[in-house]
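Data block below; observations after.
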Amino acid sequence: MAGSTDMPELTASDFTPMTGRRETQRIVRPSRSYWQDAWIRLRSNRRAIVSLYLVIGLLLFTFLGPVLWNVDPASQDVDRISLPPGADRQAEVVAPYRPWQGDEIAPGHGVGEEGLGLAMPANTQTIRLLWEPMPGASGYRLYRNVFPPDQVGSPGLPVAEVTREGQLYYEDRMDLQPRDYHYTLVGLDGNGEQVGSTDTLTVTARRAITVEEVRARALHDAPDSLSSGDAVRLSWHPLGTDYLGRDMLARLMAGAQVSLFIGILAPLLFVLFGVVYGAVSGFVGGRLDHLLMRIADFVIALPFLLFMILFQVVFGIGPGESGIMPMLVALVLLSWPATARLVRGQILQIREEAYVSAARLMGATRRYLIARHMIPNTLGVILVTLTFAVPTAIFTEAFLSFIGMGVAPPTASWGSMSNEGLKSMLTHPHELILPSVMISITVLAFNLLGDGLRDALDARMRNTE
Amino acid sequence: MWRYTAKRLLQGVITVWFIATVTFFAMHSVPGNPLSDARAATPEIRANLEARYGLDRPLMEQYGLFLGNMLQGDFGISFTQQNRQVNDIIREHFPVSATLGILAIVFAAAGGILWGALTALYRNRLPDVVIMFLVILGISVPSFVFAGLGQLALVNLNTLAGRTILPVAGWGSVAHMLVPALVLGLSTMAYLTRLMRSSMLEVISADYIRTARAKGVPPGRIFTRHQLRNAVLPVVTVLGPAIAAITTGGFVVELVFAIPGLGRYFVQAVQQLDYTVIMGTTVFYGAFLVFMVILVDLLYGWIDPRVRLQ
């Protein structure tokens, strides 16, 4: 470099200081704390937000529901059992029951062309049947079916055998429900064999109620003003009733209280215990750590459901006790080690982090380290564990109640309701479907929320989805 | 390897001892005993019965006897079934549960691996979305609902066919096992599918897959030899706990489908407070689970040599 290049012309203005200042460092984004950041990440996760709303909805259903729907879950509507959801609740006022000997026939009624007819309008109080004599028959047998006989190939249940000379009527009062009944009449000879053809009649029974019943159940303001034929609205069961005539909605709410009580309190307690246990173990270290972890290993090895059942026996659920408390204790006793292990691992990891060493170097006390570094950094993992523990606890409660080792009747729980509903699954599916859908929604909501929280709170545990 | 095996086995034995001890003292802390009912009509009869079951001795002596007998593989006599050995009960009913459990595990593992691999291959496309939706359903719906629905499906199937294609309940033939085993394995299958999916997603983008592709290995071979084989490893690890979950989860399925398995028997024994049967089955089940987990862990070391080094 011999300096042969031409120097540019320099003027005085080249040596004046520049006016503008360039910022070399600037904070572009607003400063956010870990929790603000996590919240923003959670909010952008649509599934997590939906599940969060579901959880809130469930809590409202459980705690606000019974206030709005103030029905005793144990009270029975005995003549309205296993009502499907949204069932008709109109009832017709009828006169009190009077015995009938086939003599009285309401206008417009009587023996029809089929040979079998109604003497009076059919209702759930009584169905009064009349028929024409059949040639060669000395007696009659009457069958009743809730399905059309020609479809199912059977006349149904024999309700009566009429053998008295000249009796051509029968009054059916056996467990009448507001629905269609298909009657089949068969003529019998002296030996009880069938003669001739059969008569059939389809009857629609309407729900009947007497003034006395209206008054007893307080269904009308002025029961005395009612006369036969008036319509009365019965008590409302929006989700139907169960096999004992108890309101499903009220029972679902009562069951929600049990399920969520166990499902939320048990995880809270055992996670708390596990956190303390694991933190002590991890922080103290050494031989105590070894001992504590051995104990946790043993508890983990216990067959969980077997011991849940065993503990239910040990705590002894006497008659009339709900069995909720024993379940809670057993859950806590058996479930803490997983959290303890997790927290211990976290603490061990954090203890070796550079920022902890730095803090220690600058003279941080043990208390400061725990409060400032250990707890905030494990909180995310703990929260995620807690969310995932809720479905497990709810499942366990449902499982135990289902096999009859959980809550005792009349306490409702979703598990015990499912158990009862399973028996009448074919005829009244809503008794099984409603509680099991509630369990499924709850478990689903907490699982999705757990997924979302894990993604938002803990980048290391983030799913590869 | 042998040292590790021996160590694990020793730990297993100690765990079983722990389970036995907890069960023993838990059972003996229950107020009253199985003989405090009408059968013990007079104090003399009661004393005789207590002597027969060893209930008249001090607690620690009973404990010693229990451990001694257990070591010889003798769990005593049932309280509620006259002169029936607990061993006989286990011998008779456990094979039923085990058969059901093994079949369920096979269903769960095969289904989980297959569906998991499929979802990963079709990531974010229709098969993935549909299967993952079903998986979430499988995790969220309690097993007794599946059991009920399974039975309902069987009833409808048989009605439609006009004859019994698959029996609705009971035990005896392969036809009896299929649906209960499927129901039993369903939640595990859902769980394994999820696991397999994330493990497969990790494998799919691994360097050795790219290498294999660059070498010109056909896609089918990459899938079976490289992706599936490596992705399946985490699934094997959870098989131990899965066996535990399936064997104990068998209670519900055995109850609903009226299968004479040990799980149903255990629930019955608990309801009748049959001490010896409860203790026997708990210890037996506990031991079975503990050693199953050890077996799977050892198996894992055999499948994946990397684990052996640690």
Report task. Among the residues of the range B:265-289, write down those that are at the interface with another protein chain (Cβ under 9 Å from one of its Cβ atoms), over 13 Å from B:Phe75 (Cβ atoms) and of a type outside the set (A, V, I, L, M, F, W, C). Result -> B:Gln271
Query raised in the report: Is it the case that A:Thr339 is more than 14 Å from chain B (Cβ to nearest Cβ) and surrounded by 20 or more Cβ atoms within 10 Å (Cβ to Cβ)?
Result: yes
Requested in this report: Considering only the range A:390-436, state which residues are among the small types (Gly, Ala, Ser) and in a helix (DSSP H, G or I).
Outcome: A:Ala393, A:Ala398, A:Ser401, A:Gly415, A:Ser416, A:Ser418, A:Gly421, A:Ser436
Report summary line: Within the range A:263-285, residues buried (at least 18 other Cβ atoms within 10 Å of the Cβ) and either within 14 Å of chain B (Cβ to nearest Cβ) or outside any helix (DSSP H, G or I) (or both) come out as A:Gly263
Query raised in the report: So A:Leu448 fits all but one of (1) of a type outside the set (S, T, N, Q); (2) part of a loop (DSSP other than H, G, I, E, B); (3) surrounded by 21 or more Cβ atoms within 10 Å (Cβ to Cβ); (4) at the interface with chain B (Cβ under 9 Å from one of its Cβ atoms); what number is the exception?
Result: (2)
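Residues are listed down the side, and each one gets a yes or a no for (1) in a helix (DSSP H, G or I); (2) in contact (Cβ under 8 Å) with a residue 24 or more places away in the chain; (3) among the hydroxyl-bearing types (Ser, Thr, Tyr):
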| position | (1), (2), (3) |
| --- | --- |
| B:Leu49 | yes, no, no |
| B:Leu65 | yes, no, no |
| B:Met70 | yes, yes, no |
| B:Pro95 | yes, no, no |
| B:Thr99 | yes, yes, yes |
| B:Leu103 | yes, yes, no |
| B:Leu114 | yes, no, no |
| B:Val130 | yes, no, no |
Query raised in the report: Only one of (1) aliphatic (A, V, I, L, M); (2) more than 28 Å from A:Thr387 (Cβ to Cβ); (3) surrounded by 14 or more Cβ atoms within 10 Å (Cβ to Cβ) fails for A:Met7. Which number is that?
Result: (3)
Report task. Consider only pairs whose beta carbons are under 9 Å apart and that are at least six residues apart or on different chains; among these, list those whose first residue lies in the range A:405-421 and is away from every other protein chain (no Cβ under 11 Å) and whose second residue is outside any loop (DSSP other than H, G, I, E, B) and acidic (Asp, Glu). Result -> A:Gly406/A:Glu397; A:Val407/A:Glu397; A:Pro409/A:Glu420; A:Ser413/A:Glu397; A:Met417/A:Glu431; A:Glu420/A:Glu431
Report summary line: Filtering the range A:286-319 down to residues that are part of a loop (DSSP other than H, G, I, E, B), without any contact (Cβ under 8 Å) to a residue 24 or more places away in the chain and more than 7 Å from every other protein chain (Cβ to nearest Cβ) yields A:Gly318
**Report entry** Candidate set: the range A:338-356, residues that are in contact (Cβ under 8 Å) with a residue 12 or more places away in the chain and of a type in the set (Gly, Ala, Ser); chosen: the one farthest from A:Leu288 (Cα to Cα)
**Finding:** A:Ala338
Report task. Determine whether A:Leu188 is at pLDDT 80 or above and loosely packed, with under 12 Cβ neighbours inside 10 Å. Result -> no
Query raised in the report: Quick one: would you say B:Glu202 is buried (at least 17 other Cβ atoms within 10 Å of the Cβ), at pLDDT 80 or above and of a type in the set (Asp, Glu)?
Result: no
Query raised in the report: Which of (1) surrounded by 12 or more Cβ atoms within 10 Å (Cβ to Cβ); (2) without any contact (Cβ under 8 Å) to a residue 24 or more places away in the chain; (3) under 19 Å from A:Ile209 (Cα atoms) is the odd one out, the single condition A:Val162 does not satisfy?
Result: (3)
Report task. Look through A:Thr427, A:Thr396 and report the one residue that is away from chain B (no Cβ under 11 Å), over 15 Å from A:Met253 (Cα atoms), among the polar types (S, T, N, Q) and in contact (Cβ under 8 Å) with a residue 40 or more places away in the chain. Result -> A:Thr427
Query raised in the report: Is it the case that B:Val252 is crowded, with 23+ Cβ neighbours inside 10 Å, touching a residue at least 24 places away in the same chain (Cβ under 8 Å), facing chain A (nearest Cβ under 9 Å) and more than 30 Å from A:Asn419 (Cα to Cα)?
Result: no
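The values are calculated or read from the model by the stated rules, or taken from the named source; none is laboratory data. In this text the structure is predicted, and so the values were computed from the model without any measurement. Positions of Cβ are backbone-derived with ideal geometry, glycine not excepted, and every protein chain shown enters the neighbour counts.
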